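Here's the structure we're looking at; comments come further down.
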Ligand SMILES: Cc1ncc(C[n+]2csc(CCOP(=O)(O)OP(=O)(O)O)c2C)c(N)n1
């Protein structure tokens, strides 16, 4: 078992929570894990990326080699494309389709969608919309994790335990909300062609 | 044994707690900050009352640690690479004084400059100081190596430099914790009560002692388990890997073992016998190291008569920037997965000031006040407010080293530039701006110093600032005329007021200090969240 995941987004969008949940879940499954994060300057609204590697064997590099990522999991559409050089030829691109526009020259959404559509295996969902329906926009990162979980070889039960662990200090209601977001993301992605 | 998912930095923090430190001394700086934060938040730190408040800068941090070591206790000092420039005077001289309690200096280098002004390599400082350097290759090794570093420091009675780079600092992996922990040392005097008095007569003796210890440091490296030779079947090439470089090499050999002999280096000075062994067995050597080609330069053959040494200097690897598995694959001419490249439509997304940040209001007012004078009059410094260099503000003309804005504005005013202004953050000001302000006051320089006070060290994650609540009294104490210390709340509604304050102080011939003060909005939100939780 070996899964390489590129987590992409904009500083402040919560990709580190996704990484933390998957990290906790992998540890529960007795997998090895390496997870390189972006700290510092870029967290101020810049492009951020995390390299997450899960394996049943020891892992050497903290960075995923180019062309070796099984999944790009992005909480922002343009950011999903920034790391394409890391994606395997038949890897999955799973992204939120709601743009985060904090730059003046943000490209047109249909052009971004056209680039995404060139890929064989992709899932784009409106994670913000789903999160709002559930009751909290901030849970959109867990919607995205749910969408990608269909392609991650860590049992969903373990991921849900990971959510419970990472959000423990925030109380039972927040845990439940995030688990719901995760489940909704999972089913939505399954039904999206 | 419990396995915890820790950043390299957190592993170092935990290692230091378990190694029995009595204090951690540090000034924040990416990528080193989480070491100290981890210790500060750890229950054992409170239980043992480990000294753990942030220092005003890296020099005061290092000196605090040296004092603790003088008194017999173990101290950890942490900083980013450029911080060691600030602490260098204390650091280099402490290798003459030697230590009593263990003293370990962790420096986090930032190759590729993810969050830094340069990518200098701290191993140069270690070599310059002539003391042992340790460089871990993984989070687990980092954890264990801290304890080793303190033992080493106490056995040789010198500080030990512990060097990491961004990728290890900011990457998580499972770390299993040792069951056995060291107790803290008790108070004791150094063996010689004059060894810290570096008067020339004593300093000469201490230098001789340091020189005489070099053979011992070399032997320690040769016998260190952190320096490992792995044989290989193909002797056309030998590979020397420092620190985390080994991971990028082995990533290319997950299916079959690396055919070449490998020397992994984790303790310096470089182990002479092992280096000579791999050189004698192989036709060429490839040196793989994060940062500058420090080891490569040492081994490179100036006159070109010896064996070929490959690495960053001959172009086998790029001269600058951090390493990656792909760069190693390139160097070894291994096949790499094809990749489609980044679609052209993707644009850059640089960091930017948060919406609602007080620095923005300050820059809006500054730009308006300076309109008649044009561009080129504002020296600045390092912090969130440096983002004022980017559009839409483009307000500042320098960012060099902590505190330089004040002194550069003074120097430019000395040269005749008018108006000459500085924009500096509150923490940067107490780090290194205060002394420059004293120069300006003593010279009656015609400058306007804007201390953009967000009551937080925000760029590095919002640590407490030493400056909070003190700026006005510091400036008065330094001798700025109280009539020209102007405090204002940087807010949209105060825009016109700020513009006129700046204009008035430009008109004043002398040192003016303007202090726009409003708490960082991220800090306000964080404190609110913390309050709600408790
Ligand atoms: C010698 C040195 N130490 C530390 C740093 C890291 N650093 C860069 S900006 C910064 C924070 C500055 O805080 P402040 O001046 O209050 O500005 P803010 O980010 O809050 O706007 C620090 C610690 C550095 N670049 N150089």
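The table for this structure:
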quantity: Meets criteria (closer than 23 Å to residue B:361 by Cα, within 16 Å of the ligand (Cβ to nearest atom) and either in contact with a helix residue (DSSP H, G or I) (Cβ under 9 Å, 6 or more places away or on another chain) or outside any helix (DSSP H, G or I) (or both)) for residue B:428; calculated: yes
quantity: Residues of the range B:91-143 classified as under 20 Å from residue B:312 (Cα atoms), away from the ligand (no atom under 16 Å from the Cβ) and assigned to a helix (DSSP H, G or I), total; calculated: 3
quantity: Of all residues in the range B:440-454 being out of contact with any helix residue (DSSP H, G or I) (no Cβ under 6 Å at 6 or more places or on another chain) and surrounded by fewer than 21 Cβ atoms within 10 Å (Cβ to Cβ), the one that is nearest to residue B:491 (Cα to Cα); calculated: B:444
quantity: Some residue of the range B:28-38 being more than 11 Å from the ligand (Cβ to nearest atom), on the phi < 0 side of the Ramachandran plot and surrounded by fewer than 19 Cβ atoms within 10 Å (Cβ to Cβ); calculated: no
quantity: Tally, over the range A:6-23, of residues that are part of a helix (DSSP H, G or I) and within 7 Å of chain B (Cβ to nearest Cβ); calculated: 1
quantity: Any helices (runs of 4 or more DSSP H) falling wholly within the range B:1-74 and containing at least 1 residues that are farther than 27 Å from residue B:191 by Cβ and under 18 Å from the mean Cα position of the chain (by Cα); calculated: B:8-18, B:33-41, B:58-70
quantity: Tally of residues being in contact with a helix residue (DSSP H, G or I) (Cβ under 6 Å, 6 or more places away or on another chain), assigned to a helix (DSSP H, G or I) and within 14 Å of another protein chain (Cβ to nearest Cβ) across the range B:337-379; calculated: 1
quantity: Residue count, the range A:120-153 (criterion: touching a residue at least 40 places away in the same chain (Cβ under 8 Å) and in a loop (DSSP other than H, G, I, E, B)); calculated: 6
quantity: Residue check for residue B:110: within 14 Å of another protein chain (Cβ to nearest Cβ) and touching a residue at least 24 places away in the same chain (Cβ under 8 Å); calculated: yes
quantity: Residue, farthest from the other protein chains (Cβ to nearest Cβ), within the range B:380-394, restricted to residues that are in a loop (DSSP other than H, G, I, E, B), within 16 Å of the ligand (Cβ to nearest atom) and surrounded by fewer than 24 Cβ atoms within 10 Å (Cβ to Cβ); calculated: B:393
quantity: Candidates B:324, B:405, filtered to the one that is more than 16 Å from the ligand (Cβ to nearest atom), under 22 Å from the mean Cα position of the chain (by Cα) and modelled with pLDDT of 95 or more; calculated: B:324
quantity: When residues of the range A:38-58 are limited to those that are part of a loop (DSSP other than H, G, I, E, B) and surrounded by fewer than 24 Cβ atoms within 10 Å (Cβ to Cβ), the one farthest from the other protein chains (Cβ to nearest Cβ); calculated: A:56
quantity: Test result for residue B:68, over 18 Å from residue B:162 (Cα atoms) and crowded, with 23+ Cβ neighbours inside 10 Å; calculated: yes
quantity: Within the range B:215-312, helices (runs of 4 or more DSSP H) holding 2 or more residues that are at pLDDT below 95 and at positive phi; calculated: none
quantity: Given (1) surrounded by 15 or more Cβ atoms within 10 Å (Cβ to Cβ); (2) more than 14 Å from every other protein chain (Cβ to nearest Cβ); (3) touching a residue at least 24 places away in the same chain (Cβ under 8 Å); (4) within 16 Å of the ligand (Cβ to nearest atom), index of the condition residue B:398 fails; calculated: (3)
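Let's see how each residue does on (1) touching a helix residue (DSSP H, G or I) at 6+ places or on another chain (Cβ under 8 Å); (2) within 11 Å of chain B (Cβ to nearest Cβ); (3) under 28 Å from residue B:355 (Cα atoms):
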site	(1), (2), (3)
A:108	no, yes, yes
A:128	yes, no, yes
A:140	yes, no, yes
A:163	yes, no, no
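Residues are listed down the side, and each one gets a yes or a no for (1) more than 7 Å from chain B (Cβ to nearest Cβ); (2) touching a residue at least 12 places away in the same chain (Cβ under 8 Å):
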| position | (1), (2) |
| --- | --- |
| A:62 | no, yes |
| A:66 | no, yes |
| A:69 | yes, yes |
| A:72 | yes, yes |
| A:81 | no, yes |
| A:93 | yes, yes |
| A:101 | yes, no |
| A:113 | yes, yes |
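The values are calculated or read from the model by the stated rules, or taken from the named source; none is laboratory data. Because the structure is a prediction, the values reported are computed rather than measured. Heads up, the Cβs are rebuilt from the backbone with ideal geometry, glycines too, and the neighbour counts pull from every protein chain shown.
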